[in-house]
Amino acid sequence: MAKQIPVSATVETTTQAVSVTAAPDSAGVAVPLVVASSGVTLTNTSIACALQYKVNSGTWVKLGRDDGAELIINLQVDTLYLRRATLDGGLATASLSIASKPGSTDVLVGAAVLGAVVKDAAYIASNNATVNIAAPITQSFPKLRAALAAMRAGQGNVRAALLGDSTTAGVWALGIDNGTNCRAVSAPAVLAALLNSSGTPANSDSFWGDQNFQPSGLAPQAYDPRIKAFGSGWSVYSGTTLFSLGGRAFTNSGTVSAFGFLPNGMCDTFDVYYYTNPALGTFKCTRTGDADGPNVSTVSAASGIAKTTFIGALGNANPININYVGSGSVYIAGIVGYNSNEKCVQVFNMGWGSSTSVDWAKSANGWAPINALKFVAPHFTELCLGTNDEYLATTPAVYSASMASIIDAAAISGDVMVTTNFPIKNATVSLATQRSYVVALKAVVDARPGVVWNDMHQRLRTWEDQNPFGYYATGSVTNELHPLAALHRERAKATAQIIASL
């Protein structure tokens, strides 16, 4: 099992996420936790819905969005009831921060297993003496913790990569079929904003590949307005063999022109990632007002991915330009901008539209996703793949093997959290089939101590539960695979709570 502790272990505090489904004016639903606690901090984490709570047979108390309440209760003897205050407002969730009772040997489960139903140690022992429960979040993420400590000491940035398909990239997140500026409300972008609001400095001032969701005729600037120039000769690679992190690279093979990128934040430093190979070309980085960077040859004895760093003035609000120089094709895989004087969590959106686990597990050349991931070396990777595997019927066995390869690659440099894909419409992929992929993936995670499990199916239940609230795109079958901005935010919230707590 991932991060096991025995049932006799004692922990002091933990945080538990729960869904709230009981209707207004109903009897409510008892929180399914039986643990010896000295107190509970209840927080309404819903997207827009107010909640109500009561203890035992007490009166109902309203809890607005983001409001909290300190309750001096023992969940071993007291019962906490929750219900929605209104039917509108969409998905309703709450977070319980539970302080254990001194001397208790009950096991508390933290954010490492979001949404799990927990019983106390005595209950577990009486039903299955060998059962272990995933450890609380305070015992997880050693590599991320070390990177965050270094960041807070001013010693370096934290690289946090969110790997996935179009449901990570942000396709349809605004309900728009051409993807215009959907990146801005994707889970990675929201994660950076939530971390900033919680006091953990972060940015998403980067791009990785084209993310493969530019339909025919849509300029890159429409998908991502941070792209400020796309000169003649620059294009998105159109073949099938040069995919890397985030999909296709941006390429130029013969026209001296610029490809420009202007992050939202003020940056003085840019890390530019590019493909290398024996017969490739040369580029250089420039920015109006700064000295030009040197020519960068992408020629190498073997295929691979490499990085060059351009340093300019912090107050310069002009875009960085990748200028084609010549000699052969140039492939730009990504650009990361940052302020070298302010260390932060760099959140990478590595969503790749239409990708499957098989695509991400490829390693045939040096820039292939797994090899490129090892080169970038994130301190934290959240992996969310499965929608296209289920829709295109990748077998669970192949899916499991591919996910194992990706997890193992990410774990070389950092900690890994595996988030299941969002639930799919039952008429498109049956619930039983969806569940078979979740079970297969959970087995992969369980075999890798330290990998954290985040089950979106358990949190959201089914597509049919959430779609009435308008949380999925509408139209064709493929449109309906995609969550809208509210669910991107819900996913980002879980990740932000973990990182901010470390």
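The values are calculated or read from the model by the stated rules, or taken from the named source; none is laboratory data. As the structure is a prediction and not an experimental result, all values here were calculated from the model. Heads up, the Cβs are rebuilt from the backbone with ideal geometry, glycines too, and the neighbour counts pull from every protein chain shown. Surface accessibility is based on the protein's heavy atoms, side chains included, excluding ligands, DNA and RNA. Shrake-Rupley method; radii C 1.70, N 1.55, O 1.52, S 1.80 Å.
Does anyone have the angle between helix 142-152 and the longest principal axis of the chain? Alpha-carbon axes, 0 to 90°, nearest 10?
Roughly 70 degrees, rounded to the nearest 10.
With +1 on each Lys and Arg Cβ and -1 on each Asp and Glu Cβ, how big is the dipole of the chain about its Cα centre, in debye rounded to the nearest 20?
Details: 31 positive and 31 negative charges, 70 e Å.
It comes to approximately 340 debye.
Excluding ligands, DNA and RNA, what is the solvent-accessible area per residue of the chain at a probe of 1.4 Å, expressed in Å²?
Computed with neighbouring chains in place, this is 36 Å² per residue.
Please give the calculated 222 nm ellipticity per residue for the chain, where each DSSP H segment of at least 4 residues contributes -39500 (n - 2.57) and the sum is spread over every residue; nearest 500 deg cm²/dmol?
Value at 222 nm, helices only, nearest 500: -6000 deg cm²/dmol.
In degrees, nearest 10, range 0 to 90: what is the angle between the Cα axis of helix 396-411 and the longest Cα principal axis of the chain?
With rounding to tens, the tilt is 70 degrees.
Filter Lys284/Lys374; Lys54/Lys143; Lys374/Lys493; Lys62/Lys442; Lys228/Lys425; Lys228/Lys343 down to the pairs with a C-alpha to C-alpha distance above 29 Å, please.
Over 29 Å apart, Cα to Cα: Lys54/Lys143; Lys62/Lys442; Lys228/Lys425.
Can you pull the percent of region 323-423's accessible area that's carbon plus sulfur, 1.4 Å probe, other chains left in place?
The nonpolar share, carbon plus sulfur, comes to 53 percent.
Distance from a point 7 Å along Cα→Cβ of Thr288 to each backbone N in region 243-261: keep the residues under 16 Å and list them by number.
Under 16 Å, as judged by backbone N against the label point of Thr288, lie 258-261 of region 243-261.
Taking R0 as 41 Å, what's the FRET efficiency between Ser363 and Lys228 from their Cβ-Cβ distance, rounded to 0.05?
The calculated FRET efficiency here is 0.75.
At a threshold of 8 angstrom on Cα-Cα distance, excluding pairs fewer than six apart, so keeping six or more, what relative contact order does the chain reach in percent?
Relative contact order for the chain comes out at 18 percent.
How far, in degrees from 0 to 90, does helix 187-197 lean away from the longest principal axis of the Cα atoms of the chain, to the nearest 10?
Around 70 degrees separate the two axes.
Over the heavy atoms of Ser430, what accessible area does a 1.4 Å probe trace out, to the nearest 10 Å²?
50 Å²
I need the shape label for region 239-390. Rule: rounded when a/c is under 1.5, else prolate if a/b > b/c, else oblate, with a, b, c from the alpha carbon gyration tensor.
oblate
Set the Förster radius R0 to 35 Å, insert the Cβ-Cβ distance between Asn56 and Ser198 as r into 1/(1 + (r/R0)^6), and round the FRET efficiency to 0.05.
0.60
Top to bottom by accessible area (1.4 Å), largest first, where do Thr474, Thr462 land? Intermediate values should be presented prior to the final figure.
Working: Thr474 95, Thr462 30 Å².
Of Thr474, Thr462, the descending order of accessible area is Thr474, Thr462.
Over the alpha-carbon set of the chain, work out the extent along each principal axis and list the three values in angstrom, largest first.
Principal extents (largest minus smallest coordinate, Cα): 76, 50, 40 Å.
Determine ³J(HN,Hα), in whole Hz, for all residues of region 420-429 in sequence, where each value follows from phi through the Karplus function 6.51 cos²θ - 1.76 cosθ + 1.60 and θ = phi - 60°; x replaces Gly and Pro.
3J(HN,Hα) across region 420-429, in whole Hz: 5, 5, 5, x, 10, 4, 4, 5, 8, 9.
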